[in-house]
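Q: Structure provided below as structure tokens; questions to follow.
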Amino acid sequence: MEGLRKLENVQKIIQIMQSHGIISNTQNATSLRFLADLTLLLVSPCHELDVDAKCQLIIDHVPKFSHVFFEETMQCISEQGVEQMVNTGPLDCDDKTIPAPSQKGFKDTAMIELDAMGRANSTLEDFCRSYFMFHKMDPHQPQSIFKYLPILSFTESYIYQLDNLNEKLLQPSVGKDQSSYRGYSVETKEDWDLTSVRMMTNDPFRPLCNVLEHHGLLTDRIREEMKSGVEYWSLERKLCHPLGSKHEISVEDVIRAIHLKSFDYRVLNLLLYQLRGVKVDDMHMEFLSISEFLVEVSDDLFDYEDDVLENNFNILRMFNRIYGASAAPAMLAKIITEAEEKYDSLLKALDPELSLNYQKRCEEATKEGGKTSGPSLGTWTIPPIIEDEDLYRSDVLNSKPSTIPEWTT
């Protein structure tokens, strides 16, 4: 009923605006809805301000707004108070296409898309080949994989779906009148931003937790790792947004983020212990944690140029911002050396056969990924630093065919 009353009020305002010649019949529905919502905002009570005072404020201040101002505001809102803004804000220009998280099927039901399942496949394959050995399971036996695949696949796909939403919030705008790098129009990107904000700030793992709890698989450690995932995404937004401004970032946040980044592997591993009904091996978890750190750093170096284009978290990008282009490689090399020393120490504590098998698997994974450096290969290659990321994105965009269709009459 509340929704119907809101739509009825909107329709009445549109009719009044038409009768006063404020709008025309040629304007699209989205524009009409925005103007109606703006009118509702103006006539809504706001302490001592009357309509005339509100209109005068708009006349005085709107001309001072700029595209740069709105870009910075969007970045700030994504980090501070966004949940309250989204849930209580009077303006919502597309209620039908962007459902609120409180609606049925969005709040408590875990849903995954085919695209997310496809993206999760490579992680699931790597998990089976790299982690099953720690459970004395053979990744080459179909029975071992398919026995636990439904839960593992559903969980990883759900995580990828959330990660995809978070990436939408990080995509850089190349220019006010141009599409973003991936080819989404500005309007489409804004729709994705609102959807992503809602999902990422309203307990995003609750639907998945409900599923796992229903099957008796949810543990406190799994909950904590999911919280680590939410923290990582928050840090990613916090760290990547300032790269386009003059705000400082801290090395503590960067190191924290890179350690949190592989939380999905830890969720899957803890789930596998729970599915098998055995106690978690903390020594194995500690070893795999430092191995995950090294793999993430190696992946960041391999994907550096792509991460710059997509404005994704990347430790080399962060170190460049903190230390500068000349010092960043040396500081990163120091971090890698310290991690490798810890890795070697924990590797020696493993069962000799397990240690050998894991080293072989790391070498296989590194070569299969097309990389020539990283864990177990003994050498690291740090790519050339991209000092002007905006210019780099612009050059790449201009070298690609336009994604905006041309219309002829």
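The values are calculated or read from the model by the stated rules, or taken from the named source; none is laboratory data. Small disclaimer: the values here were computed from a predicted structure and weren't measured. Every residue, glycine as well, gets a Cβ built from its backbone with ideal geometry; the counts of neighbours run over all protein chains shown. Ligands, DNA and RNA are stripped out before the accessible areas are found, and what is left, the full protein with its side chains, is counted by its heavy atoms. Shrake-Rupley method; radii C 1.70, N 1.55, O 1.52, S 1.80 Å.
Q: Accessible area, 1.4 Å probe, largest first: how do Tyr358, Tyr392, Tyr160 sort?
A: Descending accessible area places them as Tyr392, Tyr160, Tyr358.
Q: In debye, nearest 20, what is the charge dipole magnitude of the stretch 241-344 about its Cα centre with +1 on Lys and Arg Cβ and -1 on Asp and Glu Cβ, if you could check?
A: Here the size comes out at about 280 debye.
Q: Another question about this same structure. Which distance in nm do the two modelled labels at Glu231 and Asn164 give, with both placed 7 Å along the Cα-to-Cβ direction?
A: If labels sit at Glu231 and Asn164, their model points lie 2.7 nm apart.
Q: Leaving ligands, DNA and RNA out of it, rank Lys261, Lys64, Lys168, Lys279 by accessible area with a 1.4 Å probe, largest first.
A: Lys279, Lys64, Lys261, Lys168
Q: What does the charge add up to near Ala116, with Lys and Arg as +1, Asp and Glu as -1, over the other residues with Cβ less than 11 Å from its Cβ?
A: -3
Q: Sticking with this one: List the pairs from Lys136/Lys238; Lys147/Lys261; Lys64/Lys261; Lys279/Lys360 whose alpha-carbon separation is above 29 Å, in the order I gave them.
A: From the list (Lys136/Lys238; Lys147/Lys261; Lys64/Lys261; Lys279/Lys360), the Cα-Cα distance tops 29 Å for Lys136/Lys238; Lys64/Lys261.
Q: Pop a pseudo-label 7 angstrom from the Cα along the beta-carbon direction at both Asp203 and His47 and give the gap in nm to one decimal.
A: It works out to 3.3 nm between the two label points.
Q: Shifting gears a bit: Place a point 7 Å from Cα of Glu363 in the direction of its Cβ. Which residues in the stretch 108-147 have their backbone N less than 17 Å from it?
A: Residues passing the 17 Å test: 130.
Q: If the chain between Leu391 and Val278 were fully stretched, how many nm would it gain, using 0.36 nm times the residue separation less the Cα-Cα distance?
A: 35.4 nm
Q: At 0.36 nm per residue, minus the direct Cα-Cα distance, what do Val62 and Glu248 gain on full extension? Give it in nm, one decimal, please.
A: The Val62-Glu248 span can extend by a further 64.1 nm.
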